[in-house]
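The values are calculated or read from the model by the stated rules, or taken from the named source; none is laboratory data. Quick caveat, the model's predicted, so the values are computed rather than measured. Counting neighbours? That spans all protein chains shown, and the Cβs are built from the backbone with ideal geometry, glycine included. To get the accessible areas, we keep the full protein, side chains included, count just its heavy atoms, and leave off ligands, DNA and RNA. Shrake-Rupley method; radii C 1.70, N 1.55, O 1.52, S 1.80 Å.
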Amino acid sequence: MFSSLIATYYWCTLERPWVAIGVVALLLLGAATQLHHFHLDASAESLVLEDSEEMRYYRELRARYGSDDYLIVAYAPEGELFGDATLSRLMVLRDELAAVERVESVRSILDVPLLDSPRVTFSEVQRGVRTLADEDTDPELAREEFRTSPLYRDLLMNSDADTTALLVALARDDEAHALLTRRDELRALQAERRLEADEAEELAEVTEAYARANAEQQAQLADDIAEIRSILAGHRDDARIHLGGVPMIAVDMIDFVRGDIRTFGIGVALFIVALLAIAFRQLRWVLVPSVVCAGVALGMVGFLGFMAWPVTVVSSNFISLVLILTLSLIVHLVVRHRELHMIDPQASAVHLMRGTVESKFKPSFYTAITTVVAFGSMLFAEIRPIMDFGLMMVCAVIFAFVLTFVLFPALLAPFSTGPVPRPRADVTAHIINGLGRLTERRGLAVGGVFVAVAVAGVTGVSQLTVENRFIDYFKSSTEIHQGMALIDRELGGTTPLDVVLDASDEFLAYEDEDDDWDDDWDDDWDDDLDDLYLDYDEQEQNGPMGGYWFTSFQLETLEGIRAYLDGLPETGKILSVATSMQLMTHLNEGEPLDDLSLAIMYNRLPDDLREILFEPYMSDDGHQMRFDIRVIDSDPNLERDALLRQIRTELTERFELAPEQVNLSGMLVLYNGVMQSLLNSQYTTMSVVFAAMMVMFGLLFRSLKMAVIGPLPTLVAAVSVLGLMGWVGIPLDIMTMTIAAITIGIGVHDTIHYTDRFSKEVAGGADYARAMHASHTSVGRAMFYTTVIVVAGFSILTLSNFMPTIYFGLLTGVSMIFALLSNLTLLPLLLQRLRPFATAA
């Protein structure tokens, strides 16, 4: 059976190569038809596990209090902000933004209620609210109110009164939201029991429909932001304008990644082609590797499009990774083919190719399997994009292996062998032979250096963090960086954080039992509320009255919490019922409100004022309060996880709240969850990978010693790269996490190919020293070529404006160099000292 498969393979690739080429061409043609389905996704859905409790709670809050999908337009006019001409231009800008199809509302200094411009009484407020656009509004008083109001300062205007903000709320896609809700309901049901056939079918249909709707929603969001930017561009002659907000960050991250893929992808490809020409100096060794790499990239992109499998920011560099691994595989084949040609100059093309495949198939197969296991270990991660990335790479490595061993022989077999390569004492030979001599003569010193490097790497890994800021993703010269910095500095911060306080379990238990509240809560609850409820029953406007938090006693606690949160250096603008109560007290002529006055004023507030002051921050029953916080992302001392833990701890300790009463949500929490899971999954997956590598090396070389020796060079290289990141302060993030995968992938390739050649040299009668030099001369050259080509090619990424892309380019080069040095020095040193292979008799 196995011999029949081999015979069929050689018949298709060597005897009838056009059969293999034709099949691959049809396959790639089919993949090309699916390219238009390939897309990038930076939605919150793409950054967490589908059953994440954090995401479910986030959606629950959004449904209750409204979406946080709003954009911030910072507007700094050249002239006086409150001048007639400026206000007229601002009104035009507001109206143009409001006319965008998916914009639900635009809030600005022009249309929010004013209470001190001039001062109004509560009775006047009941009859209607004044805005800046009204004729009887005093602009100077309005300026002072916006500058000092607890509701508006640092939200709609900065303290210098020369920069204002327009808050652009985006409408929710009701169809996508309904599909999402139904999908989550069915998944929750699936977690409890086995779904019925019709339920399972509905789940599949709803999941597919939501995936389409979400993709359309992301595309629409990008179009909306592009339209908004176009509108803003028309007003920049008279003002300095910047755009901010989480939706913009998500869209711009994808735009930067997509732009880098287009711009630098072509540049990297051309650079690699040029380096292949310099290394091998023959057209065939440029064209064939280029065709195979292009075929693998085209096939994988088409496959992802066909599967409707979106690429996230985490997996955006998967094409680069596949290119590196495919190129490494091909270069080993090229070097072996040229070596066999030098040994037997008269051999036919078919004979040379057959010898190349026979000598390289087994080590290449094991490198592919080991790499598959390495990326498959990412399925142990706790966040969906990392799991998806791992599965993508599993498919890509398998596809690259198959396509390489089909196309490489099929493309070369029909043609002549070309000129016989000649041994060259070039720079490559001097370097790799020099490393061999260094290992042979200074083995103890080499070992000592790697021990020191490993220790330094472990120390650096202990300092590795996942604390990074959105603003650091972009160079300071970019518009997005400058806009985020301005909004952070002048308008209260950019990243949303919700602090949500619930009623105590004891209170809810009493309420459920319908006990006599006055007996148990005599100190906190005013008896007069009972009469008040009767007075307002007919109006049905007493929702929050009698709620756990909406009493004069608990509002004092909320004010203390607001002051605490406002005192944190990382927080910017904070809105809550405590903020609103400052204005309510102001309307009450500065007098504190007792429960009766509070109930009366709350129920008599105009609807539009109540919608601003209370509905975004308090549940209908008054049992839950929400603090809407904007965190200053540009704060150089911002540490998300430490901040969240500090808030949880100090709220419970300072204000005697039960831990279950305090909940945190918002994009800051979601992103922090991704980062923390990323750090944990990095250690988990690496442990799984190296355990799997030990098994693979033990099976491949049938040696327990090799099970220990094999993973060590890659382990040292991976730890060294991660340690370097820790030492220089480069945080692990959703893109730099792939660096460990690159180090492992390339390290394993080099280790297996080198060890395979070394073992064959020993089996052929060479002593360990000669086996090392022979392996350096042959496989070492392929390893060196791969490293130089990839390092030089990916160095072009440092020209990007997107910092993760720059780090990816730099760290890819560093990881390749570490892997090369480790496998050309530490590996042969371990092989010579531990001698895992028996010498020929």
Unit charges at the beta carbon, dipole of the chain: most positive-side option, PHE470, ASN433, LEU167: ASN433
Tilt relative to the chain, helix 318-343 - C-alpha long axis, 0 to 90 degrees, to 10: 10
Residue (of LEU26, LEU81, VAL106) at the positive-pole extreme of segment 1-155, dipole from beta-carbon charges: LEU26
Computed over segment 1-152: relative contact order in percent, which uses C-alpha pairs under 8 Å that are six or more apart: 12
Distance between modelled label sites at ARG441 and ASP621, nm, 7 Å Cα→Cβ extension: 8.3
THR459 versus LEU799: modelled label distance in nm, points set 7 Å from Cα along the beta carbon direction: 3.9
Gain on full stretching of the segment that runs from ARG240 to ARG127 - 0.36 nm per residue minus C-alpha separation: 36.9 nm
Eligible lysines near LYS760 by straight Cα distance, threshold 24 Å, same-chain separation 8 or greater: LYS360, LYS362, LYS705
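Grab the beta carbon distance between GLU199 and ALA509, set R0 = 45 Å, and tell me the FRET efficiency rounded to 0.05. Intermediate values should be presented prior to the final figure.
Working: r = 35 Å, r/R0 = 0.77.
For R0 = 45 Å, the calculated efficiency reads 0.80.
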Zone residues, segment 5-31, relative to VAL291, backbone N less than 14 Å from point 7 Å out along Cα-to-Cβ: 13-14, 17-26, 28
Lysines whose Cα lies under 30 Å from that of LYS573, excluding same-chain neighbours fewer than 8 positions away: LYS475
Rounded FRET efficiency, nearest 0.05, which uses the C-beta distance separating PHE361 from ALA269 and R0 of 35 Å: 0.80
Cα centroid separation - segment 663-678 against segment 335-353, whole Å: 57
In Å², nearest 10: area of ASP162 left accessible to a 1.4 Å probe: 70
Within the accessible area of the chain (1.4 Å probe), percent carbon and sulfur: 56
Degrees, to the nearest 10: 284-306 long Cα axis against longest axis of the chain: 40
Residue-averaged 222 nm ellipticity for the chain, from DSSP H runs of 4+ at -39500 (n - 2.57), nearest 500: -21000 deg cm²/dmol
Mean separation of Cα contacts under 8 Å (6+ apart) over length of segment 250-359, as relative contact order %: 22
Per-residue ³J(HN,Hα) for segment 345-357, Karplus 6.51 cos²θ - 1.76 cosθ + 1.60, θ = phi - 60°, Hz, x for Gly and Pro: x, 8, 5, 6, 4, 5, 5, 5, 5, 5, x, 4, 5
Nearest-0.05 FRET efficiency for ARG212 and ASP162, computed from C-beta distance (R0 41 Å): 0.35
C-alpha long axis of helix 17-32 to longest principal axis of the chain, angle in °: 10
Options LEU679, THR571, ASN317, ranked by Cα towards positive dipole end of the chain, top entry (Cβ charges): ASN317
Sequence-separation-based contact order of the chain, relative, with Cα cut under 8 Å and 6+ spacing, percent: 19
Segment MET342-TYR564, extension gain: residue separation times 0.36 nm, minus the distance between their alpha carbons: 72.2 nm
Net lengthening on full extension, ALA226/LEU29 (0.36 nm per residue, minus Cα-Cα): 67.6 nm
Magnitude of the charge dipole, segment 618-757, Cβ model with Lys/Arg +1 and Asp/Glu -1, debye to 20: 840
Global geometry of segment 63-120, whether rounded, prolate or oblate, following the gyration tensor of its Cα atoms and the 1.5 cut on a/c: oblate
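Loop-only check: which trypsin sites (Lys or Arg not before Pro) in segment 360-440 are DSSP coil with at most 14 other Cβ within 10 angstrom?
The qualifying sites are ARG424.
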Solvent-accessible area per residue, Å², over the chain with all protein chains present [probe radius 1.4 Å]: 42
